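Contents: one structure, followed by commentary.
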Amino acid sequence: MCDARHGCASHIFCLITIKRPPKRLLNIGKRVIYMKLLIRLSLIFMMLTSAVTSWAQVSFTVDAPALTALGQPFRVEFTVDKEPESGSIEAPSFEGFDILAGPSVSTGHSIQFINGKQTTSYSCTYTYVLMPTAAGKYTIGAASIKVDGKRYSTKPQPIEVIAEKSNTQQNRGSNNQNPESHIGKDDILLRLKVSETELYKGESLRASLVLYTRANIDDIENFSLPAFDGFWSQELSFDNTPSREEYNGRIYETYKLTELLLSPQQTGDIIIPSASLTARAQVILQDSRGANPFFGGRQIYHVSRDLKSTPVTIHVKEFPAGAPASFNGAIGSFRLSSKMPAKEIESNSADQIEITISGGGNLKFITAPKISLPESFEQYDTKVVDNIMVNATDTSGSITYTYPFVARSAGEFTIEPICFTFFNPTTGEYQTIATEPFTITVLDDGTATTTAKAERYVGYGSIMRQLDRDIRYIHLGKLPTKAASLFVLTPLYWLIVVVIVAIFIVAYVLLSKRIRDNRNIVARRMKRADKVAIQRLRAAERYMNEGNRHAFYEEMLRALWGYISDKFNIPVSNLTKERIREELYRRNVSAAIAEQFCEIISRSEEAQYSPTTDGEMNDAYSEAVDVMSKIEGAIKR
Amino acid sequence: MRRVYNYIIGIVVGILAVAMPTNIQAADATTTAKVHWEEGIAAYENRNYKEAVEAFESIIALDEASAEVYYNLANAYFKLGQHKENAARPFSAGELGKAVLNYHRAIKLNPAMADARYNLELAVDHTNDTENIPQSFIATLWQGLRSMMTSNGWTITSIVMLAMALILVMFYLLSANILLRKVGFFVAIVLIVSFIVTSALAMSSRRALLNDDRAVVICNDTTPVHASPDSASKIIRQPSQGVTVRISRVHGDWTEISFADGEMGWIRNSNIEAV
């Protein structure tokens with residue numbers, strides 16, 4: 001370890017055994033817990049006689065417990081890190097304590113080489129073993145020591161001595177062989193300590209889970225934290241060095257297992273349920289049966305205890321009435337600073353307003369203060385940048401809100417004060433802080449006139465916004481006539497209906513002759529005649545469509561003769577053209593029609609065997625229909 | 001249509017006025033109403049809504065009310081409630097309920113009054129009224145058609161339809177030209193159908209007017225609606241002022257009402273006013 005080249009002349013080994021506070025590492029997050037309590041550590045210090053490079057600072061410290069029980073000896077150590085002048089120590093008077101032993105002096109010296117670099121350390125410790133004589137608060141006065149002709153002194157150290165209740169104390173010393181009985185009911189406790197039990201919604205409190213023990217704990221299992229329902233919680237980094245604390249008149253070693261910052265999110269009484277864990281304690285017993293002289297006959301037992309913390313009730317107070325409109329739950333103490341845009345900006349250019357809220361309180365839960373920009377300002381999404389630190393008692397820091405905007409039209413505009421209201425729990429009052437009103441001049445960017453641009457902006461691409469709604473304006477003008485009473489089904493209504501219907505009936509009666517004539521002449525007769533003629537000539541029509549000339553005229557003649565025969569009930573064999581003329585005359589059919597009828601018969605007889613065109617066939621057909629209709633009409637009249 | 005009808009009524013009233021001396025009083029009332037009307041409009045223009053309300057109310061008291069009077073009164077009530085000294089509590093004296101009530105009355109007299117419908121919708125937005133039960137398409141169509149004119153408007157239309165239909169029937173009967181007869185026949189059929197439809201609309205409108213069971217909640221704050229006509233019974237709802245309900249029956253101091261969503265309950269008579 002040491003080398004002659006580095007000037008080490010001789011080595012002195014010194015074995016010192018000292019009682020030190022136990023070193024332990026608690027890591028709740030990883031659930032790996034190492035606990036070693038009250039272990040006597042044997043440290044080997046290599047003491048060197050060689051010269052030590054002088055240190056700039058000399059530290060002279062005192063190490064003594066802050067709390068001790070009456071009747072229990074404890075040690076006070078004064079340590080100096082540079083070789084003192086021998087016999088220069090001046091111990092304090094230790095008033096209220098009996099000195100059982102001391103001062104015992106132990107010195108240590110070490111040299112370390114790290115990457116070829118040599119560091120030396122030296123320590124000299126003066127140890128006193130003291131016994132408190134009475135309960136109360138005492139102070140161990142300053143001790144002083146001379147190093148290199150200069151005198152250094154320690155700080156006075158307060159010590160509290162309490163008279164412990166001695167309920168399980170007797171048990172400890174007795175020769176009971178049951179390890180369970182060595183760990184009393186109150187020897188290991190789990191407590192959830194809260195910094196506040198009554199606070200406003202949004203305020204923060206510190207909750208720490210502390211293990212109190214009077215036994216050697218060497219393991220913790222099944223550790224479970226309660227659900228902090230109704231709270232926003234954040235784990236805090238904490239100092240995990242153990243300390244001693246008096247609880248219920250007894251002194252415990254305390255180990256902080258976890259520490260949280262809690263912020264209630266609802267009002268009323270919120271109960272934090274129990275946390276639980278299983279602690280394993282070590283009990284060392286003297287084995288009476290197989291006392292082994294070599295190993296001291298000691299047996300190590302493990303005793304497990306399931307621990308539960310008592311539930312804690314937190315009373316969350318309601319905010320007092322009369323909150324201003326701009327209040328939205330911020331609680332604490334805040335400052336507001338703002339960075340306004342330039343006094344003059346060009347239209348259609350972008351700028352921004354910056355609001356910074358700084359201070360301590362529920363910064364994480366505050367919302368951006370509302371700002372009202374003039375209508376022609378196009379506002380964009382607010383940007384939030386926060387710089388929040390969570391410390392042991394509170395969250396503090398700052399939040400910066402950036403409100404970007406584009407001024408669309410030129411003119412002079414006033415930006416209303418931006419208000420931020422918070423509740424100050426210490427004064428119990430609402431406080432509103434506001435920015436100064438700000439006037440901004442928007443200069444025309446020179447592309448168009450203000451109004452034209454504003455219109456263009458409104459009209460282009462974007463849907464016109466409905467800014468607000470209100471009821472439509474009243475009815476103006478002259479007083480309208482009184483609302484008329486119901487007209488339908490009144491006598492007047494019936495009168496009008498009856499009169500209209502009566503007029504119609506009278507007109508109908510007066511014109512009934514004309515109506516009937518109209519109906520006979522125009523419609524019925526004509527239609528009937530046509531129908532008869534067409535029925536007769538249906539076969540002829542079929543032959544005409546086929547182009548069978550001979551058959552067509554044959555059928556035409558059969559229809560024409562047959563028509564008269566059927567109509568006047570005369571056999572075809574008795575019919576002649578003269579007879580037809582005679583019969584038609586008798587029935588008031590005009591001579592012209594009769595003549596036309598006979599002429600068609602003659603023409604058909606001739607055409608039956610002579611070549612004619614289809615057109616003539618068609619003419620003959622329609623003429624026959626026409627004349628038959630005329631005869632029908634004439635006869636029916 | 002209205003003007004035609006008013007003209008007819010005018011003639012009838014004129015004839016009656018000659019015959020009956022009591023109508024001289026009516027003429028007097030009209031003159032007073034005209035003065036109130038001018039007063040009301042002037043007060044409204046000067047944002048003196050309290051006076052405007054009084055002026056329009058006195059026209060109604062004189063029995064000279066028209067849809068426009070109710071509409072203006074409702075507007076005055078609405079504005080009076082909106083412009084309270086205590087801006088945090090608008091409509092604190094039941095103005096919203098009165099406004100809704102008078103918009104309903106205006107629309108009842110003139111279903112075609114678009115302004116009143118618009119303002120009613122806006123006023124109802126301030127209440128906690130529930131959504132209507134959706135109606136069938138036919139019912140909505142029928143009501144939409146009916147609200148295009150007043151009952152009297154539909155009556156006049158139906159009479160004109162009848163007269164025109166009969167003229168066209170006559171035309172059909174007398175014309176010798178086939179085309180004209182055909183046109184006359186079909187138009188006459190259309191007109192007769194129109195006559196039936198418009199008459200039905202007039203009757204339906206009349207029935208809606210005569211059998212109107214609607215009422216509006218009138219109170220300063222929310223009113224409890226109980227499950228039975230007994231103040232110790234369960235409170236089932238708390239309608240705000242301006243909520244429109246339907247009256248189903250009255251029992252002593254209590255009225256059974258049904259809400260737009262079909263829920264029923266009992267309310268004190270003094271808390272509602274029938275449309």
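Laboratory data are not the source of any read-out in this text; all were calculated from the coordinates shown. Since the structure is predicted, the reported quantities are computational estimates derived from the model, not experimental observations. FYI the Cβ positions are ideal-geometry reconstructions off the backbone, even for glycines, and counts take in every protein chain you see.
Across peptide A:485-494, what mean number of C-beta atoms from other chains lies inside 10 Å of a residue's C-beta? Write down the numbers at each step before the final one.
Values: counts 3, 9, 13, 15, 6, 2, 0, 3, 6, 0.
Whole-number average of other-chain Cβ neighbours for A:485-494 is 6.
Please state the relative contact order of the stretch A:526-636 as a whole percent: Cα pairs under 8 Å, 6+ residues apart?
That works out to 43 percent.
So for the stretch B:214-274, what are the equivalent ellipsoid semi-axes in whole Å, largest first, each being the square root of 5 times an eigenvalue of the Cα gyration tensor?
Whole-Å semi-axes of the equivalent ellipsoid: 14, 12, 12.
Please sort by residue number the chymotrypsin sites (Phe, Trp or Tyr not before Pro) in the stretch A:344-412 whose DSSP state is loop and whose Cβ has at most 16 other Cβ atoms within 10 Å.
Here the sparse-neighbourhood loop sites are A:Tyr380.
Could you give the distance between the Cα centres of the stretch A:231-261 and the stretch A:336-377, to the whole Å?
Between the Cα centre of the stretch A:231-261 and that of the stretch A:336-377, the gap is 43 Å.
Binning at 5 Å from 0, report for the stretch A:257-388 what percent of all alpha-carbon pair distances ends up in each bin.
Each 5 Å bin holds this share of Cα pairs: 2, 6, 10, 11, 10, 9, 8, 7, 6, 5, 5, 5, 4, 4, 3, 2, 2, 1, 1, 0.
Starting from the 7 Å offset along Cα-to-Cβ, what nm value, one decimal, do you get for the label separation of A:Leu285 and A:Asp229?
That separation, rounded to one decimal, is 4.4 nm.
In which sequence would A:Leu467, B:Leu168, A:Leu67, A:Leu476 go, from the one with the fewest C-beta neighbours within 10 Å to the one with the most? It would help to have the intermediate numbers written out before the result.
On the way: A:Leu467 6, B:Leu168 20, A:Leu67 16, A:Leu476 11.
Listing A:Leu467, B:Leu168, A:Leu67, A:Leu476 from fewest to most nearby Cβ atoms yields A:Leu467, A:Leu476, A:Leu67, B:Leu168.
Taking the Cα-to-Cβ direction at A:Ser372 and at B:Ser258 and moving 7 Å from each Cα, how far apart do the two end points lie in nm?
4.5
Amide H of A:Phe94: which non-local residues (sequence gap of 5 or more, or other chain) have their own amide H closer than 5 Å, using H built in the peptide plane?
A:Gly141
Let me understand chain B better: what is its radius of gyration from the alpha carbons, and its Dmax, in angstrom?
For chain B, the Cα-based Rg and Dmax read 23.4, 81 Å.
Find the all-direction average of the projected area of the Cα convex hull for the stretch A:203-269, expressing the result in square nanometres with one decimal place.
If you wrap the Cα atoms of the stretch A:203-269 in a convex hull and average its projections, you get 6.0 nm².
Please go through the residue pairs A:Lys201/A:Lys308; B:Lys34/B:Lys84; A:Lys193/A:Lys256; A:Lys513/B:Lys182; A:Lys478/B:Lys98; B:Lys84/B:Lys108 and name each one whose alpha carbons sit more than 19 Å apart in this structure.
Details: A:Lys201/A:Lys308 27 Å; B:Lys34/B:Lys84 29 Å; A:Lys193/A:Lys256 10 Å; A:Lys513/B:Lys182 21 Å; A:Lys478/B:Lys98 24 Å; B:Lys84/B:Lys108 29 Å.
Pairs exceeding the cut-off: A:Lys201/A:Lys308; B:Lys34/B:Lys84; A:Lys513/B:Lys182; A:Lys478/B:Lys98; B:Lys84/B:Lys108.
Dividing the alpha-carbon radius of gyration of the stretch A:180-316 by 2.2 N^0.38 Å (N being the number of residues), what value is obtained?
In units of the 2.2 N^0.38 Å rule of thumb, it is 1.31.
With θ set to phi - 60° and the Karplus curve 6.51 cos²θ - 1.76 cosθ + 1.60, what are the ³J(HN,Hα) couplings of the stretch A:208-224 in order, to the nearest whole Hz, using x for Gly and Pro?
Running phi through 6.51 cos²θ - 1.76 cosθ + 1.60 with θ = phi - 60° gives 10, 9, 10, 9, 9, 9, 10, 10, 7, 9, 10, 7, 10, 10, 6, 6, 9 Hz.
Excluding B:Lys98 itself, what net charge comes from residues whose Cβ is under 12 Å from its Cβ, given Lys and Arg +1 and Asp and Glu -1?
Overall, the nearby charge balance is -1.
How many percent of DSSP beta bridges within the stretch A:335-443 run antiparallel, rounded to 5? It would help to have the intermediate numbers written out before the result.
Values: 38 of 41 bridges.
If we restrict to bridges inside the stretch A:335-443, about 95 percent are antiparallel.
Under 5 Å between amide H atoms, partner at least 5 residues away or on a different chain: which partners does A:Thr120 have, H built in plane at 1.01 Å?
A:Gln112
Taking 0.36 nm per intervening residue step and subtracting the Cα-Cα distance, what contour gain separates A:Val194 from A:Met131 on full extension? Walk me through the intermediate numbers first.
Details: separation 63, 0.36 × 63 = 22.68 nm, distance 3.43 nm.
Answer, rounded to one decimal: 19.2 nm.
First check a/c for the stretch A:335-443, with a ≥ b ≥ c the square roots of the eigenvalues of its C-alpha gyration tensor; if it is under 1.5, answer rounded, and if not, answer prolate when a/b is larger than b/c or oblate otherwise.
The shape class here is prolate.
For the residue pair A:Gln352 and B:Ile138, what label-to-label distance in nm results when each label sits 7 Å from Cα along the Cα-to-beta-carbon direction?
6.4
In what order do B:Arg207, B:Arg105 fall by count of nearby beta-carbon atoms within 10 Å, going from fewest to most? Could the numbers behind the result be given before it?
Values: B:Arg207 12, B:Arg105 24.
Neighbour counts put them in this order, fewest first: B:Arg207, B:Arg105.
At 222 nm, what helix-only mean residue ellipticity would chain B give, in deg cm²/dmol to the nearest 500, using -39500 (n - 2.57) for each DSSP H run of four or more?
Rounded to the nearest 500, it is -20000 deg cm²/dmol.
Quick one: Debye curve from the alpha-carbon atoms of the stretch B:137-210 only, equal weights, vacuum; give me log10 I(q)/I(0) at q = 0.16, 0.23 Å⁻¹ to two decimals.
Those come out to -0.61, -0.90, one per q.
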